[in-house]
Each structure stands twice: as C-alpha cells, then as structure tokens.
Amino acid sequence: MIETRTMGHSRTIQTKLVLPPDTNHLQTIFGGRVLAYVDEIAAITAMKHANTAVVTASIDRVDFVSSAYVGDVLELEAVVSSTGRTSMEVYVLVHSTNLLTGEKRLTTESFLTMVAMDEHNKSTPVPQIVPETDAEKALFEMGPARLAHRKERLKTMH
C-alpha cells in the first residue's frame, strides 16, 4: 500500500519582523534574506511531510512582487504541492503586512524541490500527497506541468 499524506499535514506558517539589519539602503528587505526564509520554511515543510532530513534540489524562478520595509511583518506559508518518488515540490507564499496601516501585499511566490535523505545521505522514498481543498487540487493538478518545465530547463543547461 502506498503511503499518503494530506497537503494540510505539512502546511507551515512562519512570521518574521523586518528589522534594520535585514534591509538595504532603501530600508527594504534584502532579497537574499527572503530567499533564506523561503528555503528554511520549505525544508521544514518537506521534513514534516517526509519525516526525514531533506536537501534543496532547486528553487524555481523567484519574483519579488513587492518590497517589504523595516517594521513590516512577513508571513510565509508553505505546503507540499506535489511529490515524486524521493522528491517533494514545496509551494511558498510570502506576504508582507504594514501593521500600522494594515496593508497586506504579496511579496514573493515560489516553488522549491526538496529531496528526502536517509541516515546514509541517500535519497529515500516519500509519501504521496493528497489535496483536499479546491485550491490544493488546482495547485496539485498543475504539478506535472511545472515538473515538465523544470526538466526542459535542465536540458537547456547541459
């Protein structure tokens, strides 16, 4: 019998305050800081799904849709959106909120591929994902197209 887990099982939410050391001369958060947060939450989410250590295999294109400023709060939400044999695609959304005005903006959206690792640092099988909500089903159903795009991109790199 194939082991399965729901998308909700791995859903992870983190909140971060944008502080001056996190920002550039324009007082907007460094893109690299956001990427570090995205990678961290993706790893946590994948480990929750697979119950094992994981490594980052790839980060799909990342668009910084809007800036986050000193004093804003970042809310990161991640979920395993599709699975392969040993890999997991993790969808990460980042929103920033100005707590003084209540304005909330999409900051970043990305997909990462994480690979489950066993105690010998070899890739190991992961449970398959089961979407439950309409939004999860839509995300899940587009998984094969995103995988095909990744494979095509890899072909052009070699």
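Tabulated results
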| item | result |
| --- | --- |
| Residues of segment 12-26 classified as surrounded by 15 or more Cβ atoms within 10 Å (Cβ to Cβ) and either within 10 Å of the chain's Cα centre (by Cα) or at pLDDT below 95 (or both), total | 1 |
| Hey, residue 61 in contact with a Pro (Cβ under 9 Å, 6 or more places away or on another chain) and assigned to a loop (DSSP other than H, G, I, E, B) or not | no |
| Sole residue being buried (at least 24 other Cβ atoms within 10 Å of the Cβ) and touching a Lys or Arg at 6+ places or on another chain (Cβ under 9 Å), chosen from 82, 96 | 96 |
| Any hit, segment 98-121, residues being assigned to a helix (DSSP H, G or I) and within 20 Å of residue 10 (Cα to Cα) | no |
| Flag if residue 45 is at pLDDT 95 or above, over 27 Å from residue 6 (Cβ atoms) and not acidic (Asp, Glu) | no |
| Any chance residue 70 is surrounded by fewer than 17 Cβ atoms within 10 Å (Cβ to Cβ), under 15 Å from residue 104 (Cα atoms), among the aliphatic types (A, V, I, L, M) and over 11 Å from the mean Cα position of the chain (by Cα) | yes |
| Test set (1) among the hydrophobic types (A, V, I, L, M, F, W, C); (2) touching a residue at least 60 places away in the same chain (Cβ under 8 Å); (3) within 19 Å of residue 135 (Cα to Cα) - residue 88 fails condition number | (2) |
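Table: residues versus (1) of a type outside the set (Ser, Thr, Tyr); (2) over 16 Å from the mean Cα position of the chain (by Cα); (3) at pLDDT 95 or above.
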| position | (1), (2), (3) |
| --- | --- |
| 65 | yes, no, no |
| 74 | yes, no, yes |
| 81 | no, no, yes |
| 93 | yes, no, yes |
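The values are calculated or read from the model by the stated rules, or taken from the named source; none is laboratory data. Given the structure is predicted, the values throughout are model-derived calculations rather than measurements. We place every Cβ from the backbone using ideal geometry, glycine too, and count neighbours over all the protein chains shown.
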